[in-house]
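Please read the structure below before turning to the comments.
The values are calculated or read from the model by the stated rules, or taken from the named source; none is laboratory data. The structure displayed is predicted, hence computed values, not measured ones. All Cβ positions, glycine included, derive from the backbone under ideal geometry; neighbour counts span all protein chains shown.
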């Protein structure tokens, strides 16, 4: 996320006062506080992906105002070189790339998306975010901090990815399958589309299997541009749809709906990812196996989907609901081993927890430590959290609740998986889009540790080196030269927060019995904290992290979720 420092924000306020002109109207700090509702605007950037630093490749930005007619002027931030949020004005007068005057669509053509090559990470691609600022007819100013997104690619990949054309709007590189959905068979419209959690996008997978063999365990579909929902014009969040399950005793029914997706039975689940995002892929793909285990024991939360861990439990990992500490910290509980816990920040990349690794078939039950559910936690010191009482569940308790041990066992379960990465949009793809999405797909296979300032946890790393993900498509195309290299396999991912086999014994009790911990000898207070999270943020729904991640904070320190 493009985060502006306090210094830059203060400098902007000063410059607003000093600057008067076409692009930077006189504004007061008070006028900037009003929020322009997300439901009143959506944007489209065409093309949605460009080469980083290529002044010869420009885009057109359109902002459609919906449900009101009082917007007099409109700007988009982070486009130029000015210190006033680098604002550029969009027009609704038939000039500057605007098609029709007075239609409530503000446009600006021949826009160069700013990008320096040093900003491109080692994966070869990144995103740009811009934000709306508007002046209303009454002279007041409002801002909308929900970002519009464009993709940027390292130009060293120009002409690198060969493309196989299957015909009928279908094509592929070595790592991604592309659909030109000009008849809206996959998604009903672009960019305002009825894509909600649970939407299956059957046609995307059927088109895939119409030209490629049925050898994929997972499939991922992502739009080639930012998609928003018609109900509120907010971007839909990533989600997982179960296709089939043959694993016993993990809380899931044995099912096989693969025929609806065009598969003969191998496909396990499909993932919808928002444009330009793979950061919570491991979270979504883990939903292939739940979380459903231990539901009768209270291990699951009360979110609408019901497939995330109880936020008061300490199993951590990828599927846990975040606990919002009253002082502002956000994270997962981790057991210290002395009837106290600490909070693992939501800013930290977490691998799969032992219970998740068992659920996914990577470790045997004897490697899963006990799980605790806290009651009335005291988090005044987030490094030494105590509870009025807590329950303890061993892996034996969990297996008994599910009717036995996982079948197949860790020794016999699948460890290596294939994934088809699918892109869909209503117009043809340019060379930069082929490279951008191919690199994103390739990035899913990396065996490197998570990159700094990036919340993507690679599947190999998250499984502790126990599992692999292969996104190479079965097409007769050579890998381009200079792809980001696969590092030597890293040591298994570790979690300092997770207890080990040497964990001090908890008080003897019956399974799940509530235990009041012994009085501590000494505690400290005032542990490290961060800015208070928005009270309305839902912490348990599938992938509900995109909205705050893409919002531009009003001040530094805004809590962000993975």
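Some values worked out for this structure:
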read-out: Tabulated pairs, region 443-469, first closer than 23 Å to residue 359 by Cβ, second modelled with pLDDT under 85 and not in a loop (DSSP other than H, G, I, E, B), C-beta under 9 angstrom, 6+ apart or interchain; value: 455/549
read-out: Residue identified as assigned to a loop (DSSP other than H, G, I, E, B), more than 30 Å from residue 66 (Cβ to Cβ) and in contact (Cβ under 8 Å) with a residue 40 or more places away in the chain among 267, 233, 225, 208; value: 267
read-out: Some residue of region 431-442 being buried (at least 18 other Cβ atoms within 10 Å of the Cβ), closer than 19 Å to residue 149 by Cβ, in contact (Cβ under 8 Å) with a residue 60 or more places away in the chain and in contact with a helix residue (DSSP H, G or I) (Cβ under 6 Å, 6 or more places away or on another chain); value: yes
read-out: Failed item in (1) in contact with a strand residue (DSSP E or B) (Cβ under 7 Å, 6 or more places away or on another chain); (2) outside any loop (DSSP other than H, G, I, E, B); (3) closer than 20 Å to residue 484 by Cβ, with residue 445 passing the rest; value: (2)
read-out: Every residue from region 337-349 that is surrounded by fewer than 23 Cβ atoms within 10 Å (Cβ to Cβ), touching a strand residue (DSSP E or B) at 6+ places or on another chain (Cβ under 6 Å) and assigned to a loop (DSSP other than H, G, I, E, B); value: 340
read-out: Residue list for region 181-198, filter: in contact with a strand residue (DSSP E or B) (Cβ under 7 Å, 6 or more places away or on another chain) and either part of a strand (DSSP E or B) or more than 14 Å from residue 426 (Cβ to Cβ) (or both); value: 192, 197, 198
read-out: Selection from region 348-379 of residues that are over 26 Å from the mean Cα position of the chain (by Cα) and under 30 Å from residue 327 (Cβ atoms); value: 369, 370, 371, 372, 373, 374, 375, 376, 377, 378, 379
read-out: Residues (surrounded by fewer than 21 Cβ atoms within 10 Å (Cβ to Cβ) and part of a strand (DSSP E or B)) located in region 113-130; value: 126, 127, 129
read-out: Scan of region 131-148 for residues that are crowded, with 17+ Cβ neighbours inside 10 Å and touching a helix residue (DSSP H, G or I) at 6+ places or on another chain (Cβ under 7 Å), ordered by number; value: 141, 143, 144, 146, 147
read-out: Tally, over region 96-114, of residues that are in contact with a strand residue (DSSP E or B) (Cβ under 8 Å, 6 or more places away or on another chain) and at positive phi; value: 4
read-out: Of residues in region 84-99 being closer than 15 Å to residue 141 by Cα and assigned to a loop (DSSP other than H, G, I, E, B), the one nearest to the chain's Cα centre (by Cα); value: 85
read-out: Region 292-314 - residue that is in contact (Cβ under 8 Å) with a residue 12 or more places away in the chain and part of a strand (DSSP E or B) and, of those, farthest from residue 359 (Cα to Cα); value: 313
read-out: Among residues of region 40-83, those that are farther than 22 Å from residue 117 by Cα and assigned to a loop (DSSP other than H, G, I, E, B), counted; value: 5
